[in-house]
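What follows is one structure encoded as structure tokens, with my remarks underneath.
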Amino acid sequence: MKFNGIDFDTYFKNYPDENGYFGKYGGSYISEDLKNAMQEITEAYFTICKSSKFISELRRIRKEFQGRPTPISYLERLSNKLGNVQLYVKREDLNHTGAHKLNHCMGEALLAKYMGKKKVIAETGAGQHGVALATAAAYFGLECDIYMGSVDIKKQAPNVARMKILGANVVEVTHGLATLKEAVDAAFDAYAKDYKNSIYCIGSVVGPHPFPMMVRDFQSVVGIEAREQFMAMTGELPDAIVACVGGGSNAAGFFAGFLNDPVDIYGVEPLGRGPKLGDHAASLQYGTEGVMHGFNSIMLKDENGEPAPVYSVASGLDYPSSGPEHAFLHELGRVKYDVVNDDDTIDAFYALSRNEGIIPAIESSHAVAYAIKLAEKMGKGSILINLSGRGDKDMDYIIENYGIR
């Protein structure tokens, strides 16, 4: 399949290129003292991760520890309420630890083990990446430091407790807005001081090369499984697929299974309280090209050209940029990126909970909300949603701020 001059038959062989670029997006904009560390990780990934021993071990872990493959569920009652469009969800909420994050965390921690590292370092917003990496560290016997903004620590108390129970050291970040961007800043600083003994396990398809590629590759199991399962269930491909996008790891992995198919693909960003700068985190919708955290992409900027303050009801989506591959797919037009606000997101949270007995993460609820709107426009056909995580972590926050509906 070709789209705007790009041959998607060979897409994954060509993107990113050897320097980590998806078109003009990506790359590695880092200090000299980190270049050797990134090169070490790149060489290890291309060597170790292509070995049959590594692949066999990761497959065993996914099956015996993570509980993969995760199923697809048909949303019969919600579909019937909406009309003739049939909704389905890929159940990453049933992956061990309750979200898609463990898919790349087990891969990154296994890579760290093969490289002889003693510690894994990471940032987290909603806490799901932190819980997943703490789980992986416990599994492989590694030390684990998780950097988390104080705002998110308050919003995501259950996940903070889980990280500590699993043995992770949760480092509170209090500067700036004290959310995801600041947590990334702090984690990078810590890694730069101890890269010989540790590895920074980035929580999304962001950061310097090779992380956008590596995390996408580890997450592509979601899209590969989903395509095969949907074909087995229905005998055909979905008409459309939908996933939420912050940094974009769940979406990148999900989309990877369908990029070469005649399927409409939608990435959903958080509009938050509205389009005013500081009230949302919809970088692809409202941002411009810029470099942050070691990569070139589309980002939200303030009047000085620095990363702008962002907001989302979902802690895992409040990031002022998006993965470089998403910026590339947006520019190509292969994926349509759109927005959903907080109110519609919370409505979708309750709609899925009440109609299907599935409590979704607030992040995933953005995708559900958009799929509901899309179903009303389509009138017929099928939509497959990536349900990237479960909502246990969000229940106290939603009840406190929105009540029981």
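The values are calculated or read from the model by the stated rules, or taken from the named source; none is laboratory data. Model, not experiment: these values are computed from the prediction. Note: ideal-geometry Cβ built from the backbone for every residue, glycine included; neighbour counts use all protein chains shown. For the accessible areas, the whole protein counts, side chains as well, though only heavy atoms, and no ligand, DNA or RNA atoms are used. Shrake-Rupley method; radii C 1.70, N 1.55, O 1.52, S 1.80 Å.
Which one of VAL131, VAL120, VAL160, VAL173 is under 29 Å from LYS63 (Cβ atoms) and touching a Gly at 6+ places or on another chain (Cβ under 8 Å)?
Values: VAL120 fails: touching a Gly at 6+ places or on another chain (Cβ under 8 Å); VAL160 fails: under 29 Å from LYS63 (Cβ atoms); VAL173 fails: under 29 Å from LYS63 (Cβ atoms).
After applying the criteria, what remains is VAL131.
For the range 103-150, give me the residue count where each residue is assigned to a helix (DSSP H, G or I) and touching a helix residue (DSSP H, G or I) at 6+ places or on another chain (Cβ under 8 Å). Even if it seems obvious, please write down each step before you answer.
Narrowing the range 103-150 to residues assigned to a helix (DSSP H, G or I): 103-114, 128-140, 150.
Restricting the remaining residues to those that are touching a helix residue (DSSP H, G or I) at 6+ places or on another chain (Cβ under 8 Å) gives 103-114, 128-137, 139-140.
Total satisfying the criteria: 24.
Among (1) free of Cβ contacts under 8 Å to residues at least 12 places away in the same chain; (2) surrounded by 23 or more Cβ atoms within 10 Å (Cβ to Cβ); (3) among the acidic types (Asp, Glu), there is one condition GLU92 misses while meeting the rest; what is its number?
(1)
For the range 329-344, check the following and say yes or no: at least one residue is β-branched (Val, Ile, Thr), at pLDDT 95 or above and in contact with a Cys (Cβ under 9 Å, 6 or more places away or on another chain).
So the first thing to find is which residues in the range 329-344 are β-branched (Val, Ile, Thr), and the list is 335, 339-340.
Next cut, at pLDDT 95 or above only: 335, 339-340.
Subset that is in contact with a Cys (Cβ under 9 Å, 6 or more places away or on another chain): 340.
Among the residues of the range 329-344, at least one is β-branched (Val, Ile, Thr), at pLDDT 95 or above and in contact with a Cys (Cβ under 9 Å, 6 or more places away or on another chain), which makes the answer yes.
In the range 57-76, what residues are under 27 Å from ARG354 (Cβ atoms) and aromatic (Phe, Trp, Tyr)?
Correct list: TYR74 only.
Go over the candidates ALA99, ALA137, ALA109 one by one and state the one that is in contact with a Cys (Cβ under 6 Å, 6 or more places away or on another chain) and surrounded by 24 or more Cβ atoms within 10 Å (Cβ to Cβ). Steps first, please.
Working: ALA99 fails: in contact with a Cys (Cβ under 6 Å, 6 or more places away or on another chain); ALA109 fails: in contact with a Cys (Cβ under 6 Å, 6 or more places away or on another chain).
None of the other options fit; the residue is ALA137.
Name the residues in the range 386-403 that are farther than 13 Å from PHE349 by Cβ, buried (at least 24 other Cβ atoms within 10 Å of the Cβ) and not hydroxyl-bearing (Ser, Thr, Tyr), would you? Let's see the steps before the verdict.
Of all residues in the range 386-403, those farther than 13 Å from PHE349 by Cβ come to 386, 388, 396, 400.
Those left that are additionally buried (at least 24 other Cβ atoms within 10 Å of the Cβ): 386, 388.
If the condition is that a residue be farther than 13 Å from PHE349 by Cβ, buried (at least 24 other Cβ atoms within 10 Å of the Cβ) and not hydroxyl-bearing (Ser, Thr, Tyr), then ASN386 is the only one that fits.
Residue check, SER204 against (1) more than 29 Å from VAL85 (Cα to Cα); (2) more than 16 Å from the chain's Cα centre (by Cα), all met but one. Which one?
Among (1) more than 29 Å from VAL85 (Cα to Cα); (2) more than 16 Å from the chain's Cα centre (by Cα), the lone unmet condition for SER204 is (2).
Pairs under 7 Å by beta carbon, first residue within 22 Å of LYS81 (Cα to Cα) and open to solvent by less than 30 Å² (accessible area, probe 1.4 Å) in the range 333-356, partner in a helix (DSSP H, G or I) and among the aromatic types (Phe, Trp, Tyr), six or more apart or different chains?
Between residues of the range 333-356 that are within 22 Å of LYS81 (Cα to Cα) and open to solvent by less than 30 Å² (accessible area, probe 1.4 Å) and residues that are in a helix (DSSP H, G or I) and among the aromatic types (Phe, Trp, Tyr), the close pairs are VAL340/TYR370; ILE346/TYR402.
(1) open to solvent by 20 Å² or more (accessible area, probe 1.4 Å); (2) in contact with a Gly (Cβ under 6 Å, 6 or more places away or on another chain); (3) without any contact (Cβ under 8 Å) to a residue 40 or more places away in the chain: which one isn't true of LYS276, the others all being true?
With (1) open to solvent by 20 Å² or more (accessible area, probe 1.4 Å); (2) in contact with a Gly (Cβ under 6 Å, 6 or more places away or on another chain); (3) without any contact (Cβ under 8 Å) to a residue 40 or more places away in the chain applied to LYS276, the lone miss is (2).
Is at least one residue of the range 177-189 part of a loop (DSSP other than H, G, I, E, B), open to solvent by less than 50 Å² (accessible area, probe 1.4 Å) and not hydrophobic (A, V, I, L, M, F, W, C)? First the steps, then the outcome.
We begin by selecting, within the range 177-189, every residue part of a loop (DSSP other than H, G, I, E, B); these are 177-179.
The next check asks that each one be open to solvent by less than 50 Å² (accessible area, probe 1.4 Å); those that pass are 178-179.
Those still in the list that are not hydrophobic (A, V, I, L, M, F, W, C) too: 179.
Yes, the range 177-189 contains at least one residue that is part of a loop (DSSP other than H, G, I, E, B), open to solvent by less than 50 Å² (accessible area, probe 1.4 Å) and not hydrophobic (A, V, I, L, M, F, W, C).
Mind checking whether some residue in the range 19-28 is surrounded by fewer than 16 Cβ atoms within 10 Å (Cβ to Cβ) and closer than 27 Å to HIS326 by Cα? Quick ask: steps written out before the conclusion?
So the first thing to find is which residues in the range 19-28 are surrounded by fewer than 16 Cβ atoms within 10 Å (Cβ to Cβ), and the list is 19, 24.
Remaining after also requiring closer than 27 Å to HIS326 by Cα: 19, 24.
Yes; the residues of the range 19-28 include at least one that is surrounded by fewer than 16 Cβ atoms within 10 Å (Cβ to Cβ) and closer than 27 Å to HIS326 by Cα.
Can you give me the number of residues within the range 178-207 that are of a type in the set (Phe, Trp, Tyr) and without any contact (Cβ under 8 Å) to a residue 40 or more places away in the chain? Show your work before the answer.
First, the residues of the range 178-207 that are of a type in the set (Phe, Trp, Tyr): 188, 191, 195, 200.
Subset that is without any contact (Cβ under 8 Å) to a residue 40 or more places away in the chain: none.
The total comes to 0.
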